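See structure below.
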């Protein structure tokens with residue numbers, strides 16, 4: 001059968017050449033779409049380095065002198081003590097697992113501070129995020145270290161004055177920070193003082209749509225307090241239901257300390273959604289656009305192979321009259337279509353490779369080409385087109401095989 005099939009393809013080279021050209025163009029376009037979707041999907045699903053489940057942002061407020069309950073502070077220390085007391089009360093609340101205060105630090109936060117971390121001749125990228133926190137911050141968001149350090153162990157390191165930083169801050173030097181744990185670094189552009197690195201963090205991503213290789217941060221203990229800072233809490237796994245309503249109901253009676261009170265409470269699920277709304281909308285629009293394009297490609301290939309198979313009703317009937325079974329006839333039609341796809345895929349791969357090396361496709365981890373990525377996208381593209389071909393042949397071939405050979409030959 002294979003010999004006869006190759007002979008038939010060779011004899012029908014003119015019509016097959018046009019079909020191979022069509023499959024070549026479709027394959028290249030499909031690969032570009034698949035590569036884009038592959039990159040975006042891989043980036044979105046990279047480990048985030050933190051966990052916001054069961055986490056809430058508590059916004060603090062402060063009474064003004066116009067309030068009848070206002071208490072005049074004699075010093076900033078009194079305000080600091082009130083904030084610390086509010087934090088301790090929340091920590092003692094039965095449904096709360098951990099609570100922390102931080103400055104420009106919580107996930108999905110558009111307010112950022114940057115820092116330079118120097119070690120010998122190594123310097124961090126200019127967009128390295130500085131996170132000033134109380135030690136329990138890493139317990140709230142469950143940061144982990146590259147050597148298996150738990151959030152509790154990381155909190156102890158922050159308590160004794162060590163700093164933490166993501167493992168990739170020196171990637172441009174091909175140097176992982178894990179190898180420098182325990183060494184002393186210069187922070188805050190201060191060359192007169194050094195700070196000990198307690199642990200290298202598993203990379204903490206800035207947002208779901210930004211890849212891990214472009215997310216850099218350090219974490220250090222905060223040494224001052226203000227009501228404009230972030231109070232973040234993690235509740236116990238079974239305490240999410242009505243937590244915001246319950247906390248607000250208790251806030252005036254239990255959680256107003258001096259002039260400091262709880263102004264609002266938000267879940268991090270909502271914070272995440274709001275922060276990424278524009279990127280999510282853009283991603284959704286891309287998906288709809290790509291889906292519409294894929295649908296048009298599918299319908300085009302479906303129509304091409306449907307029409308091609310319909311034209312061969314007489315040939316199918318003749319094959320059956322000569323003793324061919326439904327299965328053998330069907331397999332022959334499918335095999336021919338897939339063989340033409342294989343022929344078209346070879347030059348398509350060369351074109352795809354050149355597009356990737358010309359940096360005309362999507363970037364990921366600082367490159368537009370990777371062996372695993374390229375192999376995966378080529379394979380996915382081939383399987384998608386193969387599926388379209390099989391569907392385009394399956395339905396008309398199935399109908400043709402239901403006809404009696406004599407009737408089909410008569411119609412022909």
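Sort 122, 295 by Cβ crowding within 10 Å, fewest neighbours at the top. List each step's numbers first, then the result.
Working: 122 15, 295 10.
Ranked by crowding around the Cβ, least crowded first: 295, 122.
Given the DSSP H assignment, sum -39500 (n - 2.57) over each helix run of at least 4 residues in the chain and divide by its residue total; what's the result at 222 nm in deg cm²/dmol, nearest 500?
Numbers: 12 runs with 207 residues, N = 412.
Result for the chain, helices only: -17000 deg cm²/dmol.
Quick check on the exposure proxy: order 31, 306, 18 from fewest to most C-beta atoms within 10 angstrom.
Fewest to most other Cβ atoms nearby, the residues stand as 18, 306, 31.
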Two pseudo-spin positions, 7 Å from Cα along C-beta at residue 178 and at residue 367, lie apart in nanometres by 2.0 nm
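Out of all DSSP beta bridges with both ends in segment 55-275, state the antiparallel percent to the nearest 5. Walk me through the intermediate numbers first.
Values: 31 of 40 bridges.
Of all bridge pairs located within segment 55-275, approximately 80 percent are antiparallel.
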Centre separation in Å (Cα based) which lies between segment 135-191 and segment 26-103: 20 Å
Paramagnetic reach from residue 236 in segment 128-144 [backbone N under 19 Å; point 7 Å along Cα→Cβ]: 139-142
Which of 136, 226, 69 ends up with the largest GNM mean-square fluctuation for the chain, with Cα atoms connected below 10 Å? 69
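With the convex hull built on the Cα atoms of segment 55-275, state its orientation-averaged projected area in nm².
On the way: hull surface 54.1 nm².
Averaged projected area of segment 55-275's Cα convex hull equals 13.5 nm².
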Between the helical axis of 76-92 and the dominant principal axis of the chain, each derived from Cα atoms, what acute angle in degrees is found, rounded to the nearest 10? 50 degrees
Looking at the chain only, what percent of DSSP beta bridges run antiparallel? Nearest 5 please. 80 percent
State the label only: which of (1) 63, 55, 41; (2) 60, 52, 40; (3) 105, 53, 34 corresponds to Cα extents along the principal axes in Å computed from the shown model? (3)
With angles folded into 0 to 90 degrees, how steeply does helix 243-254 sit against the dominant principal axis of the chain? Use alpha carbons for both and round to 10. 10 degrees
GNM, the chain, Cα, under 10 Å: largest mean-square fluctuation among 361, 104, 270? 270
Between 0 and 90 degrees, rounded to the nearest ten: what's the tilt of helix 13-44 against the longest Cα principal axis of the chain? 10 degrees
Relative contact order for the chain: what percent, with Cα pairs under 8 Å and sequence separation of 6 or more? 25 percent
For 378, 204, what's the fewest-to-most ordering of other Cβ within 10 Å of each Cβ? 378, 204
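Report the extension gain between residue 391 and residue 73 in nm, rounded to one decimal, defined as 0.36 nm multiplied by the number of residues separating them, less their alpha carbon distance.
Numbers: separation 318, 0.36 × 318 = 114.48 nm, distance 7.70 nm.
Length gained between residue 391 and residue 73: 106.8 nm.
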Can you tell me the order of 364-374, 341-351 when each peptide is scored by its average per-residue count of other Cβ atoms within 10 angstrom, highest first? 341-351, 364-374
Which residue fluctuates the most in the chain, going by a Gaussian network model with Cα springs under 10 Å, if the choices are 27, 102, 278? 278
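Laboratory data are not the source of any read-out in this text; all were calculated from the coordinates shown. Quick caveat, the model's predicted, so the values are computed rather than measured. Cβ: placed from backbone, ideal geometry, glycine included. Neighbour counts: every protein chain shown.
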